[in-house]
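Before any comments, here is the structure.
The values are calculated or read from the model by the stated rules, or taken from the named source; none is laboratory data. Because the structure is predicted, anything quoted here is derived from the model rather than measured. Positions of Cβ are generated from backbone atoms using ideal geometry, with glycine treated the same way; all protein chains shown enter the neighbour counts. Only protein heavy atoms, including side chains, enter the accessible area calculation; ligands, DNA and RNA are left aside. Shrake-Rupley method; radii C 1.70, N 1.55, O 1.52, S 1.80 Å.
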Amino acid sequence: MADDELDVIRRQRMAELQAKHGDAANNQQQGEEAKQRETDMRNSILAQVLDQSARARLNNLALVKPEKAKAVENYLIQMARFGKLGAKISESGLIEILEKVSQQTDKKTTVKFNRRKVMDSDDEEDY
């Protein structure tokens, strides 16, 4: 009898694990589909807003600096949603937008030298 009960418990546990694993895989697939839909939507909005040369420049920027390209894309999509764009943005217009974004996210780099004082000849007096 103990073997039969143990077998039933094992089957139930196996069914629970399979159901859980199936749900996790299903959720992952839904997440990937949602991400794909969002990417498609972003690309379609950018295709409507940018002309061909500006789109090519933005794609080149995305290869080099993906964070900056993402910021510019978000800026353009936001402007398009609020209706602030009159016509398609040309390459020169995109360059101006890139300069604005660069000024906003400009990082100041500083270099600090820590010199060792071990064999420093300035500390010793010359006789």
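Given R₀ = 25 Å, FRET efficiency for residue 100-residue 39 by Cβ-Cβ distance, to 0.05?
Efficiency at R0 = 25 Å is approximately 0.50.
Determine the gain in length on full extension of the stretch residue 60-residue 88; use 0.36 nm per residue of separation and subtract their C-alpha separation, reporting nm with one decimal.
Net length gain for the segment: 8.2 nm.
Would you mind giving the three semi-axes, in whole Å and largest first, of the ellipsoid equivalent to the chain according to its Cα gyration tensor?
Over the Cα atoms of the chain, the ellipsoid semi-axes are 52, 39, 10 Å.
Tell me, what is the per residue accessible area of the chain in Å², probe radius 1.4 Å?
88 Å²
Could you list, in their original order, any pairs among 65/100; 68/88; 68/100; 68/108; 65/112 whose Cα atoms are separated by more than 18 Å?
68/88; 65/112
State, to one decimal in nm, how far the label point of residue 110 lies from the label point of residue 74, with both points 7 Å from Cα in the Cβ direction.
2.7 nm
Dipole magnitude of the range 10-55 about its Cα centre, charges +1 at Lys/Arg Cβ and -1 at Asp/Glu Cβ only, in debye to the nearest 20?
Using only the charged Cβ atoms, the result is roughly 380 debye.
At a 1.4 Å probe, what is the % contribution of carbon and sulfur to the accessible area of the range 1-105?
51 percent
Can you compute the equivalent ellipsoid semi-axes for the range 45-97, i.e. the square root of 5 times each eigenvalue of the Cα gyration tensor, sorted largest first and rounded to whole Å?
For the range 45-97, the semi-axes come out at 17, 12, 9 Å.
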